[in-house]
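Just so it is clear, none of the values below were taken in a lab; they were calculated from the coordinates. Here the structure is a predicted model, which means the values were calculated and not measured. Glycine also receives a Cβ, built like all others from the backbone with ideal geometry; neighbour counts cover every protein chain displayed.
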Amino acid sequence: MENLLSPITFGELKLDNRIVLPPMQMGLADEEGEVTEKLIDHYGQYSSDVGLIIVEHSFVLPEGKYSSGQLGIDRNSLIPGLEVLAEEAKEGGAAAIIQLNHAGLKGRGAEFNLLDFDYEGSLTKYSKKEIDRIVEAFVEASGRAMKAGFQGVEIHGAHGFLLSQFISPITNDRNDDYGGSFEDRIRLPLRVVKEVGNKIEEGILSYRLGATDLDPRGLTVEESKRLAKKLDALDLDLFDVSGGLCGSSPDELENEQGFFVSQARKIGKVVSCPVVGVGGVTDPVYANEIVKNSDVDLVAAGRAQLDDPNWAAGAVTELG
């Protein structure tokens with residue numbers, strides 16, 4: 001029976017265990033998105049104990065930057081710093097991929113309630129030519145990631161950022177090939193995944209799926225299952241299941257450990273590749289049980305590892 005400490009292989013990658021450090025923005029890059037010593041030190045402290053590190057979301061275009069201190073991957077001059085970061089993240093034996101993101105209407109720190117759709121701006125501002133440019137930016141960023149020594153990339157399709165905005169009927173007010181019907185709303189993420197996959201070839205390709213908006217007007221898990229099947233058909237290697245417009249820590253779920261595990265379980269039943277469960281996981285015994293029960297294949301413990309960088313080492317000792 002598989003458990004949290006069992007090795008797992010997907011794509012060309014073999015992990016020593018199934019503990020994941022999920023992508024959490026630390027705000028430790030400099031104002032231009034350059035890697036800093038503080039950022040390198042942060043990831044280095046996890047590399048000996050977790051199976052997989054997913055480095056925090058990095059902006060693929062300047063206008064897709066979310067906030068100050070966010071890591072960048074939008075230009076070649078950033079590659080030397082990213083090389084050092086990738087090397088440090090892998091130093092202790094962990095695998096390391098990096099998350100690619102465009103903030104969309106949340107760019108440059110714009111604050112609004114996506115579920116209320118109460119903000120200035122609209123997805124219609126992105127022309128088809130601009131959409132082509134965004135897709136190409138993801139592709140070019142993935143090439144930089146591989147050149148820097150990361151073992152793959154994760155496409156951010158959750159938490160109300162650009163791809164999540166396109167998928168949700170709440171935020172997608174377009175009436176062209178990229179909006180309206182479900183098939184049109186998912187066109188952009190499918191394009192990004194397909195073209196990035198073609199670029200990185202043998203590299204790991206993960207997708208962070210915002211599986212639900214937690215709003216009756218928004219994206220449902222049933223729709224996300226349909227999207228997941230289409231993504232899976234593009235030879236995806238990993239699904240990292242979280243929230244959509246509701247974000248990563250919705251108030252109505254935050255007191256429940258593993259609050260996105262049920263969604264991950266449902267996605268896992270319709271795809272062929274491994275699925276990461278996440279959502280306020282703090283107890284290694286709980287994490288072990290959801291792997292043993294085949295609810296998920298890997299478990300991400302984010303805040304628990306921020307609070308205690310030795311959480312994974314403690315889990316290995318406790319469960320070993």
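General observations
- Put simply, the amide H of Leu238, placed in the peptide plane, has neighbours under 5 Å in Leu205, Tyr207, leaving out anything fewer than 5 places away on its chain.
- Size estimate for the range 111-269 follows the Kirkwood approach: the inverse of mean 1/r over distinct Cα pairs works out to 16.0 Å.
- Sorting Glu318, Glu154, Glu34 from the fewest to the most surrounding beta carbons within 10 angstrom yields Glu318, Glu34, Glu154.
- For the chain, hydrophobic long helices are taken as DSSP H runs at least 24 Å long by C-alpha position along their axis with mean Kyte-Doolittle hydropathy of -0.5 or more; these are 128-147.
- Debye-sum result for the range 152-206 in log10 I(q)/I(0), which assumes one identical scatterer on each alpha carbon, at q = 0.29, 0.30 Å⁻¹: -1.06, -1.10
- Built amide H within the under 5 Å cut-off of Glu154, gap 5+: Ile98, Gln99, Leu100, Ser206
- For the range 272-311, the residues whose backbone nitrogen is under 18 Å from a point 7 Å from the Cα of Met1, taken along Cα to Cβ, are 284-299.
- Each of Met146, Met24 has some number of other Cβ atoms within 10 Å of its Cβ, and from fewest to most they run Met24, Met146.
- Whole-Å distance, taken between Cα centres, linking the range 135-206 and the range 292-319: 28 Å
- Beta bridge orientation in the chain: antiparallel %, DSSP, nearest 5: 10 percent
- For the range 272-283, the Karplus equation 6.51 cos²θ - 1.76 cosθ + 1.60, evaluated at θ = phi - 60°, returns couplings of 9, 9, x, 10, 9, x, 8, x, x, 6, 10, 9 Hz by residue, with Gly and Pro reported as x.
- Checking (i) 0.98; (ii) 0.92; (iii) 1.09 against the coordinates, the calculated Cα Rg over 2.2 N^0.38 Å falls under label (ii).
- Cα centroids of the range 210-288 and the range 55-69: 23 Å apart.
- Considering helices alone, the calculated mean residue ellipticity of the chain at 222 nm is -9500 deg cm²/dmol, with DSSP H runs of length four and up weighted by -39500 (n - 2.57) and normalised per residue.
- Sorting Phe166, Phe239 by the number of Cβ atoms found within 10 Å of their own Cβ, with the fewest placed first, yields Phe166, Phe239.
- Taking only Cα atoms of the range 3-153, radius of gyration then Dmax in Å: 16.5, 48
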